[in-house]
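The values are calculated or read from the model by the stated rules, or taken from the named source; none is laboratory data. Quick caveat: nothing in here was measured; it's all calculated off a predicted structure. When we count neighbours, we look across all protein chains shown, and the Cβ atoms used for this are built from the backbone with ideal geometry, even at glycine. The protein model used for the area step is the full one, side chains on, heavy atoms only, and it has no ligands, DNA or RNA in it. Shrake-Rupley method; radii C 1.70, N 1.55, O 1.52, S 1.80 Å.
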Amino acid sequence: MVKVAIGAGHGYNTSGKRSPAGEREWSFNNKVVTAAIKYLYEYQNVSVIRMDDPTGNTDVPLRTRTNNANNANADILVSYHHNANTGTWGSWTGTETYHYPGSSSGNALARAIHPSIVGAMGIRDRGVKSANFHMVRESRMPAILIEGGFMDSTIDIKKMRDNTVMDRTGKALADAIASYFGLNKKPSGNAYVEIVTDALWTYNTANWDDKAVIVNKGEVFTVVKDKFKVGNGYMYQIKSGLYITANPTYVRYYTK
Ligand SMILES: [Zn+2]
């Protein structure tokens, strides 16, 4: 089981830590972290230790955050932030990812994750950097601190105010973590067949002579019974109760 310690920097009410318009840094951090956790749980064999208060009410002390990650024997630590430069609007921009100076495992983790965040945010790549921050210093596992963009940037704030960008950045983070550990997706619920020939018979029973109705190219049906042998061929049962050939010349089978 891979254990990921992840947290949104600060709390909702932490002083400072606001955009020039008064938006809270934690709220932006929380959107990305919440999405990342949601998408991480689409993978097998992973558990999440959330280091901040998910309600935002408490600014969990940094010492408590790293203690929680260390005590849980987390495999990696990700602290998510948004930057500020002067606190008044400007045109600085970009994403940067920090690790502890001289930490090769932190550097490797940063290099594995950073390009995905840059891609999802769609702003300047300020690179992988090192700094003596508590979160990357006091953690006993590879640790990174991401600054997704600048809260006081007229460029970056547009991205941060766009929930689609926040969600896709969380997904990019989750997918990059999954790829770092080589995680596989959980098998999903449903299987489908799509008709790939112009017209195709369905069957009332699992019998090639018991023809029902014709279905057409492009139609998609939910599979309720996986491929099974009927005479010299194979059939699926679809949600309507009818049966259909499993021959890939006529149908495309996929899961989703
Ligand atoms: Zn911050």
Any residue at all in region 69-84 that is farther than 22 Å from residue 124 by Cα and among the charged types (D, E, K, R)?
yes
Meets criteria (more than 14 Å from the ligand (Cβ to nearest atom), open to solvent by 50 Å² or more (accessible area, probe 1.4 Å) and either over 20 Å from residue 181 (Cα atoms) or touching a residue at least 60 places away in the same chain (Cβ under 8 Å) (or both)) for residue 55:
yes
Out of (1) over 14 Å from residue 195 (Cα atoms); (2) open to solvent by 70 Å² or more (accessible area, probe 1.4 Å); (3) of a type in the set (D, E, K, R), the odd one out for residue 217 is which?
(1)
Please state which of the following conditions residue 162 fails to meet, knowing it meets all the rest: (1) of a type in the set (D, E, K, R); (2) in contact (Cβ under 8 Å) with a residue 60 or more places away in the chain; (3) farther than 30 Å from residue 240 by Cβ.
(2)
Output the residue which, of all residues in region 67-90 that are assigned to a strand (DSSP E or B) and crowded, with 24+ Cβ neighbours inside 10 Å, is nearest to the ligand (Cβ to nearest atom).
81
Kindly indicate whether residue 146 is within 19 Å of the chain's Cα centre (by Cα), assigned by TED's automatic domain parsing to the domain that holds residue 52, within 16 Å of the ligand (Cβ to nearest atom) and hydrophobic (A, V, I, L, M, F, W, C).
yes
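Look through 33, 60 and report the one residue that is part of a loop (DSSP other than H, G, I, E, B) and among the aliphatic types (A, V, I, L, M).
Testing whether each residue is part of a loop (DSSP other than H, G, I, E, B) and among the aliphatic types (A, V, I, L, M) leaves just 60.
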So in region 228-256, with the set limited to residues that are at pLDDT below 90 and part of a strand (DSSP E or B), which one is farthest from residue 201 (Cα to Cα)?
255
Looking only at helices (runs of 4 or more DSSP H) that lie completely in region 99-176, which have at least 1 residues being over 21 Å from residue 49 (Cβ atoms), open to solvent by 70 Å² or more (accessible area, probe 1.4 Å) and of a type in the set (Lys, Arg)?
104-121, 156-160
Only one of (1) at pLDDT 95 or above; (2) under 17 Å from the mean Cα position of the chain (by Cα); (3) more than 16 Å from the ligand (Cβ to nearest atom) does not apply to residue 158, and that is (2)
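One line per residue, one yes/no per condition, for (1) assigned to a helix (DSSP H, G or I); (2) within 16 Å of the ligand (Cβ to nearest atom); (3) not polar (S, T, N, Q):
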{"site": "3", "(1), (2), (3)": "no, no, yes"}
{"site": "6", "(1), (2), (3)": "no, yes, yes"}
{"site": "11", "(1), (2), (3)": "no, yes, yes"}
{"site": "16", "(1), (2), (3)": "no, yes, yes"}
{"site": "21", "(1), (2), (3)": "no, no, yes"}
{"site": "26", "(1), (2), (3)": "yes, yes, yes"}
{"site": "49", "(1), (2), (3)": "no, no, yes"}
